[in-house]
Amino acid sequence: MIDFISEAIKEAKKALKKDEVPIGAVIVKDGKIIAKGYNRREHSQNALDHAEMIALNRACKKLSSWRLDGCDIYVTLEPCPMCCGAIANARISRLIFACKETTSQDNLCEKILSSNRLNHKVEIIFDNTHEVQCQNMLSEYFKSKRKNKNILN
């Protein structure tokens with residue numbers, strides 16, 4: 001069986017190489033990856049260019065539909081509110097993420113995806129198999145950013 005979180009980690013590493021926040025996402029349908037994405041906000045200067053949004057856009061194009069019924073999304077980090085909304089609106093079946101957003105202790109992702117306002121419910125799975133690897137990649141990235149900021153000041 002393919003470890004789809006590992007595939008999302010490969011995407012996160014692409015972001016890291018481009019000095020972007022290392023977050024990656026893959027969308028899977030019928031056991032096959034149909035779309036991938038990694039953060040590109042700095043490169044594009046577009047606030048919407050999160051890994052999940054890029055992967056969702058590519059999956060919609062691939063399937064020629066905004067409805068991604070039967071698709072799962074694997075992400076290296078718990079999605080932000082914008083991405084949660086997009087995941088629900090795209091009708092993704094399952095969200096599987098590798099590491100929790102440590103700056104948010106209010107379960108906002110779960111609250112959004114389980115809201116009664118939405119007519120589609122997304123199953124949420126926290127798969128901590130690669131949690132430490134994903135946390136370390138993010139921690140090292142931000143440590144490096146803080147260190148470089150201090151050098152410039």
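The values are calculated or read from the model by the stated rules, or taken from the named source; none is laboratory data. Predicted model, so just to flag it, every value in this text is computed and none were measured. A quick note on method: Cβ atoms are made from the backbone with ideal geometry, for glycine too, and the neighbour counts reach across all protein chains shown. Only protein heavy atoms, including side chains, enter the accessible area calculation; ligands, DNA and RNA are left aside. Shrake-Rupley method; radii C 1.70, N 1.55, O 1.52, S 1.80 Å.
Observations
- Here the accessible area is traced with a 1.4 Å probe on the protein chains. For segment 44-104, carbon and sulfur cover 50 percent of it.
- Accessible area per residue, Å², the chain with all protein chains present, probe 1.4 Å: 58
- Nearest-20 debye value, the chain charge dipole, Cβ charges on Lys, Arg, Asp, Glu: 520
- Per-residue [θ]222 nm for the chain (sum of -39500 (n - 2.57) over DSSP H runs n ≥ 4, rounded to 500): -13500 deg cm²/dmol
- Set of aspartates and glutamates with alpha-carbon distance to Lys13 below 20 Å, sequence-local pairs under 8 removed: Asp3, Glu42, Asp49, Glu52, Glu78, Glu101, Asp127, Glu131, Glu140
- Estimated FRET transfer efficiency (Lys61, Ser114; beta-carbon r; R0 25 Å; 0.05): 0.30
- With Cα atoms, 0 to 90° folded angle of helix 131-152 axis to the chain main axis: 40
- Extension reserve of the Gln105-Asp69 stretch, reckoned as 0.36 nm per residue once the Cα distance is removed: 10.0 nm
- Added length on full extension, which subtracts the Cα-Cα distance from 0.36 nm per residue, Ser6 to Gln133: 44.7 nm
- Helix axis angle, 51-63 relative to the chain longest principal axis, alpha carbon, degrees: 40
- Per residue convex hull volume, Cα atoms of the chain, in Å³: 115
- Between 0 and 90°, nearest 10: helix 4-17 axis offset from the chain longest Cα axis: 40
- Among Asp19, Asp106, Asp127: highest mean-square fluctuation, GNM of the chain, C-alpha pairs under 10 Å: Asp106
- Entry note: segment 92-153 has Rg to Rh equal to 1.15, where both radii use alpha-carbon atoms and Rh is the Kirkwood radius.
- Candidates Ala47, Ala88, Ala98, ranked by Gaussian network fluctuation over the chain, Cα under 10 Å, top entry: Ala47
- Considering only the chain, percent of DSSP beta bridges that pair antiparallel, nearest 5: 60
- 13 Å beta-carbon shell around Tyr38, net charge (K/R +1, D/E -1): +2
- With all protein chains modelled, accessible area of Lys10 [1.4 Å, Å²]: 110
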